[in-house]
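The structure appears below as structure tokens.
The values are calculated or read from the model by the stated rules, or taken from the named source; none is laboratory data. Since this is a predicted model, take the numbers as computed values, not measurements. All Cβ positions, even for glycine, are placed from backbone atoms using ideal geometry, and neighbour counts span all protein chains on display. Quick note on the areas: whole protein, heavy atoms, side chains included, nothing else; ligands and nucleic acids left out. Shrake-Rupley method; radii C 1.70, N 1.55, O 1.52, S 1.80 Å.
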Amino acid sequence: MDLLQLDYAALALAIVQVVLGVAVLIVAKLALGVLSPYATDQEMTARDNPAFGLAIAGYFAGTVIVYLSAAGSAPLPLDDGVKAVFIAMSANLGWALAGIVSLNGSRWLMDRWLVPHIRNDREITEHRNLAAGALESGAYVASAALLAGAIRQPGGSVYTALAIFLLGQFALILLGRLYQAWTGYDVAAEVRAGNLAAGIGFAMTLAALSLIMLKAIGGEFTSWTRSLSFFGFDAIIGLILLLFLRWLTAATLFPHARVAEEIVRDRNVNVSLIEGVIAVGIAGIILLLF
């Protein structure tokens, strides 16, 4: 009989939060049609555009990350009554909806500033460019991770969350530019040429960099001086560790091959996937253990 003694109130709230999550995904899809240049239904079904499918998968994954961050930022005040729970869930929903708008804004920034002389949206719709689709997918996930960190930061407010997200976004673009200079090949040219290996490698690197940024913007907000100091220190040290450990691991796993040649000459998706997973894994280790 003990198995049947469930906490029905908690179960009902869990079901409501799942339903709200599905509603947020639906709103995200509608918002994409309004806040982006994409004709969503046409690209997904009428044109069967796989590049758009890659991009939109990252967008929905980012939406889920943002919603989970908002819903899990603080426990619901179950002991304070129905009204307090309703207010808390409404606030979480508000954060999630604001996150959807921010994700669409981040797409606009990334399209124009991340990779020189490339508009991902045009490459996706006009050329069905899988490399651009993969890159945009990674940019969505990376931006969502930054949003999650800004939303969950203790001691902050709506204004500090917005400022921290924008700071992290511009830092991510800067680090992405530095990565392009570090790779040893012309990332922009490879993405423009539709090199899926280059697109995947860069996309997963953005995800890894966002975890470094998540480390940098983590912790309780007490003052701008303290937060910015920790942000700069963690971002720089984390980037150095990421690049060094990534180089060391790649040299160990691919002792008889140069990663740049495999990606540019052979368009080897296997190598870019492994390199990307290594980058994300190392960034995750730095985030949780450093």
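Any idea which of Ala134, Ala139, Ala144, Ala148 is modelled with pLDDT of 95 or more, part of a helix (DSSP H, G or I), more than 14 Å from Leu54 (Cα to Cα) and touching a helix residue (DSSP H, G or I) at 6+ places or on another chain (Cβ under 7 Å)? Quick ask: steps written out before the conclusion?
Values: Ala134 fails: more than 14 Å from Leu54 (Cα to Cα); Ala139 fails: more than 14 Å from Leu54 (Cα to Cα); Ala148 fails: modelled with pLDDT of 95 or more.
None of the other options fit; the residue is Ala144.
Can you pull out every residue in region 237-270 that is under 22 Å from the mean Cα position of the chain (by Cα) and surrounded by 13 or more Cβ atoms within 10 Å (Cβ to Cβ)?
Result: Ile237, Gly238, Leu239, Leu241, Leu242, Leu243, Leu245, Arg246, Val269.
State all residues of region 133-147 that are more than 16 Å from Ala171 (Cα to Cα) and either over 13 Å from the mean Cα position of the chain (by Cα) or not hydroxyl-bearing (Ser, Thr, Tyr) (or both); if no residue qualifies, say none. It would help to see each step written out before you state the result.
Filtering region 133-147 for residues more than 16 Å from Ala171 (Cα to Cα) gives 133-137.
Gly133, Ala134, Leu135, Glu136 - these are the residues of region 133-147 that are more than 16 Å from Ala171 (Cα to Cα) and either over 13 Å from the mean Cα position of the chain (by Cα) or not hydroxyl-bearing (Ser, Thr, Tyr) (or both).
Out of everything in region 60-101 that is polar (S, T, N, Q) and at pLDDT below 95, what residue ends up being surrounded by the fewest Cβ atoms within 10 Å (Cβ to Cβ)?
Start the filter on region 60-101 by keeping residues that are polar (S, T, N, Q), which leaves 63, 69, 73, 90, 92.
Adding the requirement that they be at pLDDT below 95 leaves 69, 73, 90, 92.
Working: Ser69: 21, Ser73: 16, Ser90: 11, Asn92: 22.
Restricting to residues being polar (S, T, N, Q) and at pLDDT below 95, the top hit is Ser90.
Within region 102-131, track down each residue that is in contact with a Pro (Cβ under 7 Å, 6 or more places away or on another chain) and open to solvent by less than 10 Å² (accessible area, probe 1.4 Å).
Asp121
Would you check if there is a residue in region 32-52 being modelled with pLDDT of 90 or more, under 25 Å from the mean Cα position of the chain (by Cα), over 24 Å from Ala144 (Cβ atoms) and not in a helix (DSSP H, G or I)?
The answer is yes, given that some residue of region 32-52 is modelled with pLDDT of 90 or more, under 25 Å from the mean Cα position of the chain (by Cα), over 24 Å from Ala144 (Cβ atoms) and not in a helix (DSSP H, G or I).
For region 226-236, give me the residue count where each residue is closer than 18 Å to Tyr179 by Cα and either open to solvent by 40 Å² or more (accessible area, probe 1.4 Å) or among the acidic types (Asp, Glu) (or both). Full working, then the answer.
From region 226-236, those closer than 18 Å to Tyr179 by Cα are 232, 234-236; that's our starting set.
The next check asks that each one be either open to solvent by 40 Å² or more (accessible area, probe 1.4 Å) or among the acidic types (Asp, Glu) (or both); those that pass are 234, 236.
Selection size over region 226-236: 2.
Only one of these is over 13 Å from the mean Cα position of the chain (by Cα), open to solvent by less than 30 Å² (accessible area, probe 1.4 Å) and more than 14 Å from Ala55 (Cβ to Cβ): Val158, Val187, Val191. Name it. Let's see the steps before the verdict.
Details: Val158 fails: open to solvent by less than 30 Å² (accessible area, probe 1.4 Å); Val191 fails: more than 14 Å from Ala55 (Cβ to Cβ).
Val187 is the lone residue from the list that is over 13 Å from the mean Cα position of the chain (by Cα), open to solvent by less than 30 Å² (accessible area, probe 1.4 Å) and more than 14 Å from Ala55 (Cβ to Cβ).
Here's the yes/no breakdown for (1) under 20 Å from Val34 (Cβ atoms); (2) of a type in the set (Val, Ile, Thr):
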position	(1), (2)
Val101	yes, yes
Trp108	yes, no
Trp113	no, no
His117	no, no
Asn129	no, no
Trp182	no, no
Arg192	no, no
Gly199	no, no
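Within region 160-270, considering only helices (runs of 4 or more DSSP H) that don't extend past its boundaries, which have at least 2 residues that are modelled with pLDDT under 90 and within 22 Å of Leu135 (Cα to Cα)? Please lay out each step first, then the result.
Numbers: elements: 187-192, 196-217, 224-253, 259-264.
Helices (runs of 4 or more DSSP H) meeting the threshold: 196-217, 224-253, 259-264.
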